[in-house]
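Visitor: This is the structure, below, for whatever I ask next.
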Amino acid sequence: MIKKKQYFSITALLIFTMLYAQLSLSAKPLSDLSKADIIPKPVLITSTGGYFSLEAAAGIFIRGESAELKEIGQYLADKLNPSTGFGIKVKTTDKIPGSGNIYLTLNENNSNAKLGDEGYELIITKSQVLLSANKPAGLFRGIQSIRQLLPAKIELTSKQPGPWQIATGTITDYPAYSYRGTMLDVARHFFGVEDVEKIIDYIAFYKMNALHLHLSDDQGWRIEIKSWPELTKHGGSTQVGGGKGGYYSQEQYSSIVRYAKDRYITIVPEIDMPGHINAALSSYAELNCNGKATDLYTGIEVGFSTLCTNLDITYKFIDEVVGELVAITPGPYIHIGGDESHSTKREDYIPFINRIQKIVLAHGKKVLGWDDIAIASLEPNAVAQHWSNIKNAEMAVQKGAKILMSPAKRAYLDMQYDKSTKLGLHWAAYVEADSSYIWDPATLIPGVGQNNILGIEAALWTETITNMDEMEYMLFPRLPGCAEIGWTPSSERSWNEYKVRLGHQAERFNAMGINYFQSKLVPWTK
Ligand code: TNX
C-alpha cells in the first residue's frame, strides 16, 4: 500500500518529469528550416522537418582541385573548428561524399541562372549539407547562412558542448541589389587595419559586398601617396579632437584589399574633393590659391575648404593621387566625394567635377560621387550616392547615372537612435532600429526605381566615434537591417517579422562579442 507521504513524492516526481520533458522539448533544435533566423532573410526556404547533425567525423568536401574553393572551404572549417573542437578538414573529391559531410560545389556553366553571381542553393538532408552556386562568391555567401543556421555558440572561440544541428530543407537565395555596402569614415577618427578587418568580417556575415573607405577629409589624410608624402606625414598626423590620427601605408591598404577580397568584398576608396580637403591644403602650400598652407583642423564643422580649381597643380595632384590609388585598388570604383563644397563657386564646381571624372576614367575606373555631383555632366557609368537631396538623385537619373542609396534619415548609422543616445549626431533624424529598416530603396524617391538603383550603402561617419566598441554600438543592430534591405526583395520584408528574427540575434551578438544598442523596439531573447 502506498503511504500518503510516498504518494505525494511520486506525484511531485511525475510533475517534475513532465516539466523537464516539456523544457527539453523547447530546447530541442529547430527542425523547421522555414523558421530559421537568417539575416538577410533568404528568398525561398522549404522545410522537410528533420535535422542534420554535424559530428566530429565530418569533412568539408569540394569538387576538383580549385585553390579558390579550398580557401572557401577552409574559411568555413576555421569558423566551425574552434567551438566544435572537431578539427574538420577540407578534402577534394570527384564524387558526392558520403553521409555526415558538407559538400561545396560550383554549378556547371552557371546552370542555375537565377542565382546570378552571388546566389546559392543550400540543400540540407539528414545525411549531408550540399551548398552549390554559380560562382565562388555565391558559395561564400551561402556559408554565412550555414553559420547562422547553427547554434549561436558556433561563433565562440572556445570549445563548446554540442549538439550541432541544422534543420533540413532547401534554401534558394540571391540578392535584390548587386551593390550592398558599408561606408567607414577613417578620416574624422582613424581606425587601424585590425579594426577595419573586424568591420569587414561583420559585413561579410550579412552578405554585403562593398566597403567604402572615406580616406580623406578636413581632419585627416589616411592613405600613403608616395609622390605627395606630406599628405600623410603632416595631413595624417591628427584627427577630430586633436588625437594623433594615423594613416595606411600602401602595403597596409593592400592588405585590407586582400582581406576584403578573400571575403568577396570590394574596397571602394574615396578621396573627397573639391571640399573636405583641408588636410591636403595644410600639407602643401602650393595647392592653395594664396600659396599659403592652412592650419591642421580638428573640429567638426564642414564646408570651409576647397581645392583651388583654376590652378594647374590641382589637376596634377589629383591625377597622381588617383593614379597611385588605382594601382592598389582592384575594384571598379574610385569615389570622388564632391559633397558639401560650400566654399567652391558653382561655376568652378561643375567644370572641376567634369574634369575629375575624366581623370578617373583615364585611369580605367568608374566614378562614384555623393549626389551633389549630379549638377555636373555625368560620365557614362557614373554612380551618384544619394544621401540627402532627392532633387540631385532625380537629376542624376535623368543624366543616365545609377544611384547608390544612402538616405541619411535611414542609412546614416552615425545618427543617434533617440534623444538618450550619447554618441553620434542627429542633424538628419533620430534613426531607431525600425526606421532604419522600414523603407524601400525603389520607392523612396519619385523617378528613381529599382532599375536606376545600383544598391544600398550604410554609412558610419565618425566625428563622435573613437573606438571599436563605439562603432559596434552604432552599427548594431541597424547594420543587419541595411544588409537585408539590399538583399531581400522588399515584398518579403516586414518589420514585425524582422524584429523577432533580429531579437533572436542577441545570443549571436553576445557570442561574437558585439557591443550592440539594446533597442526597446526589438524583442531580444538572450
Ligand atoms: C554629412 S554625407 C557629410 C559628412 C558628415 C556627415 C555626418 C556627406 C556626403 N557629408 O561630411 O560626416 O554628414 O553625419
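Visitor: Go through (1) out of contact with any helix residue (DSSP H, G or I) (no Cβ under 6 Å at 6 or more places or on another chain); (2) farther than 21 Å from Pro163 by Cβ; (3) part of a loop (DSSP other than H, G, I, E, B) one by one and return the number of the condition Thr92 breaks.
Guide: (3)
Visitor: Also: Filter region 394-413 down to the residues that are within 16 Å of Ile456 (Cα to Cα) and assigned to a loop (DSSP other than H, G, I, E, B), then identify the one that is farthest from the ligand (Cβ to nearest atom).
Guide: Residue satisfying both the conditions and the ranking: Ala401.
Visitor: Please work out which residue is nearest to the ligand (Cβ to nearest atom), limiting yourself to region 427-470 and to residues that are part of a helix (DSSP H, G or I) and either among the charged types (D, E, K, R) or under 13 Å from the mean Cα position of the chain (by Cα) (or both).
Guide: Looking at the filtered set, the residue picked out is Glu470.
Visitor: Out of (1) out of contact with any strand residue (DSSP E or B) (no Cβ under 6 Å at 6 or more places or on another chain); (2) surrounded by fewer than 22 Cβ atoms within 10 Å (Cβ to Cβ), the odd one out for Leu130 is which?
Guide: Single failed check for Leu130: (1).
Visitor: Continuing with the same structure: Which pairs do you get when a residue that is polar (S, T, N, Q), found in region 375-393, comes within reach of a residue that is away from the ligand (no atom under 16 Å from the Cβ) and modelled with pLDDT of 95 or more, reach meaning Cβ atoms under 6 angstrom, with the pair 6+ apart or on two chains?
Guide: Pairs that qualify, where the first residue is polar (S, T, N, Q) and the partner is away from the ligand (no atom under 16 Å from the Cβ) and modelled with pLDDT of 95 or more, are Ser377/Asn354; Asn381/Lys366.
Visitor: Let me ask something additional. Which one is farthest from Ala408 (Cα to Cα) among residues in region 372-389 that are away from the ligand (no atom under 15 Å from the Cβ) and of a type in the set (Gly, Ala, Ser)?
Guide: Here the residue is Ser377.
Visitor: Would you confirm whether any residue within region 318-327 is outside any helix (DSSP H, G or I) and either touching a strand residue (DSSP E or B) at 6+ places or on another chain (Cβ under 6 Å) or touching a residue at least 40 places away in the same chain (Cβ under 8 Å) (or both)?
Guide: No - not one qualifying residue is present in region 318-327.
Visitor: Another one. Which residue out of Ala442, Ala401, Ala362 is aliphatic (A, V, I, L, M), buried (at least 22 other Cβ atoms within 10 Å of the Cβ) and more than 30 Å from Tyr297 (Cβ to Cβ)?
Guide: Only one candidate passes the filter, namely Ala401.
Visitor: Let me ask something else about it. Can you give me the ranges of the strands (runs of 3 or more DSSP E) entirely in region 109-202 with at least 3 residues that are within 19 Å of the chain's Cα centre (by Cα) and within 16 Å of the ligand (Cβ to nearest atom)?
Guide: Strands (runs of 3 or more DSSP E) meeting the threshold: 179-185.
Visitor: I would also like to ask the following. Contact list please: Cβ distance under 8 Å, first residue in region 206-224 and at positive phi, second residue in a strand (DSSP E or B), pairs at least six apart or on different chains.
Guide: Lys207/Arg180
Visitor: Could you pull out the residue among Gly369, Gly331 that is buried (at least 16 other Cβ atoms within 10 Å of the Cβ), within 16 Å of the ligand (Cβ to nearest atom) and either without any contact (Cβ under 8 Å) to a residue 40 or more places away in the chain or not charged (D, E, K, R) (or both)?
Guide: The match here is Gly369.
Visitor: Something else about it: Is at least one residue of region 166-173 under 18 Å from Asn101 (Cα atoms) and without any contact (Cβ under 8 Å) to a residue 60 or more places away in the chain?
Guide: No, there is no match, as no residue in region 166-173 is under 18 Å from Asn101 (Cα atoms) and without any contact (Cβ under 8 Å) to a residue 60 or more places away in the chain.
Visitor: Separate question: What's the number of the condition Ser227 fails, among (1) away from the ligand (no atom under 16 Å from the Cβ); (2) in contact with a strand residue (DSSP E or B) (Cβ under 9 Å, 6 or more places away or on another chain)?
Guide: (2)
Visitor: Being within 26 Å of Ile403 (Cα to Cα), modelled with pLDDT of 95 or more and among the hydrophobic types (A, V, I, L, M, F, W, C) narrows it down to one residue among Met512, Met474, Met468; which is it?
Guide: From the options Met512, Met474, Met468, the qualifying one is Met474.
Visitor: List the pairs whose first member sits in region 406-419 and is over 14 Å from Asn389 (Cα atoms) and modelled with pLDDT of 95 or more, whose second member is among the basic types (Lys, Arg) and within 13 Å of the ligand (Cβ to nearest atom), and whose Cβ atoms are under 9 Å apart, counting only residues at least 6 apart or on separate chains?
Guide: These pairs meet every condition: Met415/Lys409.
Visitor: Consider Val257 against the criteria (1) within 16 Å of the ligand (Cβ to nearest atom); (2) more than 30 Å from Asp348 (Cβ to Cβ); (3) among the aliphatic types (A, V, I, L, M): it satisfies all of them except one. Which criterion is unmet?
Guide: Result: Val257 fails condition (1) only.
Visitor: Any residue at all in region 456-474 that is in contact with a Cys (Cβ under 7 Å, 6 or more places away or on another chain) and not charged (D, E, K, R)?
Guide: Within region 456-474 (the criterion being in contact with a Cys (Cβ under 7 Å, 6 or more places away or on another chain) and not charged (D, E, K, R)), the answer is yes, since at least one residue qualifies.
Visitor: Can you work out which of the residues in region 271-322 that are among the β-branched types (Val, Ile, Thr), farther than 15 Å from Gly337 by Cβ and within 16 Å of the ligand (Cβ to nearest atom) is surrounded by the fewest Cβ atoms within 10 Å (Cβ to Cβ)?
Guide: Looking at the filtered set, the residue picked out is Ile300.
Visitor: Among (1) under 21 Å from the mean Cα position of the chain (by Cα); (2) surrounded by fewer than 17 Cβ atoms within 10 Å (Cβ to Cβ); (3) of a type in the set (Val, Ile, Thr), which single condition is Ile390 missing?
Guide: So the condition that Ile390 fails would be (1).
Visitor: I'm trying to understand the selection: among the residues of region 414-426, which are in a loop (DSSP other than H, G, I, E, B) and surrounded by fewer than 22 Cβ atoms within 10 Å (Cβ to Cβ)?
Guide: Result: Gln416, Asp418, Lys419, Ser420, Thr421, Lys422, Leu423, His426.
Visitor: So Ile350 clears everything in (1) assigned to a helix (DSSP H, G or I); (2) within 16 Å of the ligand (Cβ to nearest atom) except one condition, right? Which one?
Guide: Only one criterion in (1) assigned to a helix (DSSP H, G or I); (2) within 16 Å of the ligand (Cβ to nearest atom) is unmet by Ile350, namely (2).
The values are calculated or read from the model by the stated rules, or taken from the named source; none is laboratory data. This is a predicted model, so every value here is computed, not measured. Every residue, glycine as well, gets a Cβ built from its backbone with ideal geometry; the counts of neighbours run over all protein chains shown.
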